[in-house]
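Below is one structure, written out as structure tokens; comments come after it.
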Amino acid sequence: MAGVGGGNDFQWCFAQVKGAIDEDVAEADIISTVEFNYSGDLLATGDKGGRVVIFQREQESKNRPHSRGEYNVYSTFQSHEPEFDYLKSLEIEEKINKIRWLPQQNAAHSLLSTNDKTIKLWKISERDKKAEGYNLKEEDGRLRDPFRITSLRVPVLQPMDLMVEASPRRIFANAHTYHINSISVNSDHETYLSADDLRINLWHLEITDRSFNIVDIKPANMEELTEVITAAECHPNQCNVFVYSSSKGTIRLCDMRAAALCDRHTKFFEEPEDPSSRSFFSEIISSISDVKFSHSGRYMMTRDYLSVKVWDLNMENRPVETYQVHEYLRSKLCSLYENDCIFDKFECCWNGTDSAIMTGSYNNFFRMFDRNTRKDITLEASRESSKPRGILKPRKVCTGGKRKKDEISVDSLDFNKKILHTAWHPKENVIAVAATNNLYIFQDKIN
Amino acid sequence: MSNETEGTKTIEEASTEEQREMEDKVVSPEKVEEAKLNARYPLLVSRPGGSGLLRKRLQKGQKYFDSGDYNMAKAKMKNKQLPTATTEKAEVTGDHIPTPQDLPQRKPSLVASKLAG
């Protein structure tokens, strides 16, 4: 069966897996976000314990030209700590909700990481030289007796073992009453937005004591609350445009040139629903958990509980493409409501050329759709299917009737094994899939 | 004779109604699921309370702590010998009010991520 991502003979192979194998997963180790940087050479993960781990791709060696570089640990640091809000008697979790890379402007790399309340700008820099032979102090730092110095000694830069240091350069705090669900760097490389359940703020990367509120959907009376903001993103090349999605399955596109407060949208995207098929679950499963612009900026993709939809920004009244992720769950909504799984927030991503999209599901399954061929594939991120450079076998869920060999029935799916976070390398067919506390890296088969 | 035709008519009507019901069930598995939920939690479906559901969402995951208890516990601890952190981890109930330093689930965050191992 042909894989998805490019060509009919395309197949995905296991490359690497990071993380512990033990059955008992500590809550802190659960991966909560995965993001490649602009070149794809760096891959960042955040977890529930507030830690960030950055992997760097090794240079392809000349000895093995056919083997792609491996991702190895480059830097790791504690980004956020648990905090207390004394005024409201609340604990603030250290869980990293999102990481977004900044475009690289010098030798250092920078990223934004956020928990529920505070966004931090981290600078990751390399040091591979140190100065030796100081004039006024010994190698161990002790000051030399000035009267014993008889000649001038100029320090020399000597190579040292590479040291990667992460330092928090900016802390953007106290701007969100509700939990931050998204951050997005603007294409102007100067500003970024942060969104919580009811408000969206615009920040300047250099200024931490001020932010502008650009969207506020909080009703005067909270009893009248009908929807919340679920995700927001800046347009990839129009710095005045951004979108935000809601719990009612709608997307609003706003133009910051139109007004200072973008409460009135410029475009409103909503798919008409058949009123006769409406049920108690309709609104819950229509809630959008992720919204992502295509790299081209022409389309955007939204993920709701059962499907992924591609929208043309020029057409507001319905999506241009709809892909079913796990339609078989529609007849399990009652149990999924009872175990809260119906509220799981799956993310979605585009490949570098916008020809394919990927999203996660349950049982450590993830799905890919080829927009051109309309083919789709289900793959699994598990230790069992992870032999070095082993080809991933497509998986299939049996929806009823006779279960064929190698198929898995809906009732056997493990709903605790959810793949919420996935990322696609910006240029190549390399993907990172977070399966609870493990990070899997898959790539295309090199012939 | 007319009775018979009437009889046949009602049978036909009944069968189309059944068909429609069946179609409803076949076409809308969501409605079937809704009925199941209604059977278990009757008030939930009839009063969806959009606002209630959303407020539940907004508060999801928020953990409360009592600053009054916290400060009193800190004051109490000043008079006693400060117990070592490891023994404190075991008792989170009773007299012991958890302090930020020794909330059990926080400890792992001070340890390096296993992804980096």
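Any read-out appearing in this document is the output of simple, stated calculations on the displayed coordinates, not a laboratory observation. Quantities reported herein were computed from a predicted structural model and do not represent experimental measurements. Positions of Cβ are generated from backbone atoms using ideal geometry, with glycine treated the same way; all protein chains shown enter the neighbour counts.
Taking segment A:232-259 on its own, how many of its residues are under 21 Å from A:S187 (Cβ atoms) and not in a strand (DSSP E or B)?
Selection size over segment A:232-259: 10.
Considering only residues of segment A:324-357 that are part of a strand (DSSP E or B) and out of contact with any Gly (no Cβ under 9 Å at 6 or more places or on another chain), which is farthest from A:N429 (Cα to Cα)?
Among residues in segment A:324-357 that are part of a strand (DSSP E or B) and out of contact with any Gly (no Cβ under 9 Å at 6 or more places or on another chain), the one farthest from A:N429 (Cα to Cα) is A:Q324.
Before we move on, is A:K418 without any contact (Cβ under 8 Å) to a residue 60 or more places away in the chain, assigned to a loop (DSSP other than H, G, I, E, B) and either surrounded by fewer than 22 Cβ atoms within 10 Å (Cβ to Cβ) or in contact with a helix residue (DSSP H, G or I) (Cβ under 6 Å, 6 or more places away or on another chain) (or both)?
no
Residue check, A:K393 against (1) in a helix (DSSP H, G or I); (2) out of contact with any Lys or Arg (no Cβ under 6 Å at 6 or more places or on another chain); (3) not β-branched (V, I, T), all met but one. Which one?
It is condition (1) that A:K393 fails.
Tell me, please, whether a residue that is among the acidic types (D, E), more than 14 Å from chain B (Cβ to nearest Cβ) and in contact with a His (Cβ under 6 Å, 6 or more places away or on another chain) can be found in segment A:347-368.
Yes.
Within the bounds of segment A:315-323, is there any residue that is of a type outside the set (K, R), under 19 Å from A:D197 (Cβ atoms), assigned to a loop (DSSP other than H, G, I, E, B) and touching a strand residue (DSSP E or B) at 6+ places or on another chain (Cβ under 6 Å)?
No, that holds for no residue.
Might you let me know whether segment A:165-173 holds any residue that is more than 17 Å from A:H109 (Cα to Cα) and more than 20 Å from the chain's Cα centre (by Cα)?
Yes; the residues of segment A:165-173 include at least one that is more than 17 Å from A:H109 (Cα to Cα) and more than 20 Å from the chain's Cα centre (by Cα).
State the number of residues belonging to segment A:176-225 that are in contact with a helix residue (DSSP H, G or I) (Cβ under 7 Å, 6 or more places away or on another chain), more than 15 Å from A:T118 (Cα to Cα) and surrounded by 13 or more Cβ atoms within 10 Å (Cβ to Cβ).
Number satisfying all stated conditions: 1.
Inspect segment A:374-387 for any residue being β-branched (V, I, T), under 26 Å from A:A231 (Cβ atoms) and without any contact (Cβ under 8 Å) to a residue 40 or more places away in the chain and give the result as yes or no.
Yes, there is a match, as at least one residue in segment A:374-387 is β-branched (V, I, T), under 26 Å from A:A231 (Cβ atoms) and without any contact (Cβ under 8 Å) to a residue 40 or more places away in the chain.
Of all residues in segment A:75-108, count the ones that are aliphatic (A, V, I, L, M) and within 14 Å of another protein chain (Cβ to nearest Cβ).
Looking only at that region, the number is 5.
Being away from chain B (no Cβ under 14 Å), exposed (fewer than 14 other Cβ atoms within 10 Å of the Cβ) and not small (G, A, S): is that true of A:L136 here?
yes
Find the residue count for segment A:176-225, including only residues that are away from chain B (no Cβ under 13 Å) and over 21 Å from the mean Cα position of the chain (by Cα).
The qualifying residues number 13.
Scan segment A:156-165 and tell me whether some residue there is surrounded by 11 or more Cβ atoms within 10 Å (Cβ to Cβ), in contact with a Ser or Thr (Cβ under 9 Å, 6 or more places away or on another chain) and closer than 23 Å to A:D116 by Cα.
Scanning segment A:156-165, I find no residue that is surrounded by 11 or more Cβ atoms within 10 Å (Cβ to Cβ), in contact with a Ser or Thr (Cβ under 9 Å, 6 or more places away or on another chain) and closer than 23 Å to A:D116 by Cα, so the answer is no.
Can you find a residue in segment A:281-294 that is within 14 Å of chain B (Cβ to nearest Cβ), under 22 Å from the mean Cα position of the chain (by Cα), of a type outside the set (S, T, Y) and not in a loop (DSSP other than H, G, I, E, B)?
Checked segment A:281-294: at least one residue is within 14 Å of chain B (Cβ to nearest Cβ), under 22 Å from the mean Cα position of the chain (by Cα), of a type outside the set (S, T, Y) and not in a loop (DSSP other than H, G, I, E, B).
Looking only at segment A:260-280, count how many residues are farther than 24 Å from A:G360 by Cα and in a strand (DSSP E or B).
Matching residues across segment A:260-280 total 2.
Sort through A:L205, A:L193 and tell me the only one that's among the aliphatic types (A, V, I, L, M) and touching a residue at least 60 places away in the same chain (Cβ under 8 Å).
After ruling out the rest, the residue left standing is A:L205.
Can you go through A:L90, A:L102 and tell me which one is of a type in the set (A, V, I, L, M, F, W, C), surrounded by 11 or more Cβ atoms within 10 Å (Cβ to Cβ) and without any contact (Cβ under 8 Å) to a residue 40 or more places away in the chain?
A:L90
Can you say whether A:L329 is within 11 Å of chain B (Cβ to nearest Cβ) and over 22 Å from A:K375 (Cα atoms), as far as the supplied structure shows?
No, not satisfied.
Quick one: is A:E58 surrounded by 14 or more Cβ atoms within 10 Å (Cβ to Cβ), out of contact with any helix residue (DSSP H, G or I) (no Cβ under 7 Å at 6 or more places or on another chain) and free of Cβ contacts under 8 Å to residues at least 60 places away in the same chain?
No; evaluated as a whole, the condition is false for this residue.
Quick check on A:A173: is it buried (at least 19 other Cβ atoms within 10 Å of the Cβ) and either within 14 Å of chain B (Cβ to nearest Cβ) or closer than 28 Å to A:Q78 by Cβ (or both)?
It is false that A:A173 is buried (at least 19 other Cβ atoms within 10 Å of the Cβ) and either within 14 Å of chain B (Cβ to nearest Cβ) or closer than 28 Å to A:Q78 by Cβ (or both).
How many residues does segment A:105-123 hold that are crowded, with 20+ Cβ neighbours inside 10 Å and over 24 Å from A:F84 (Cβ atoms)?
3
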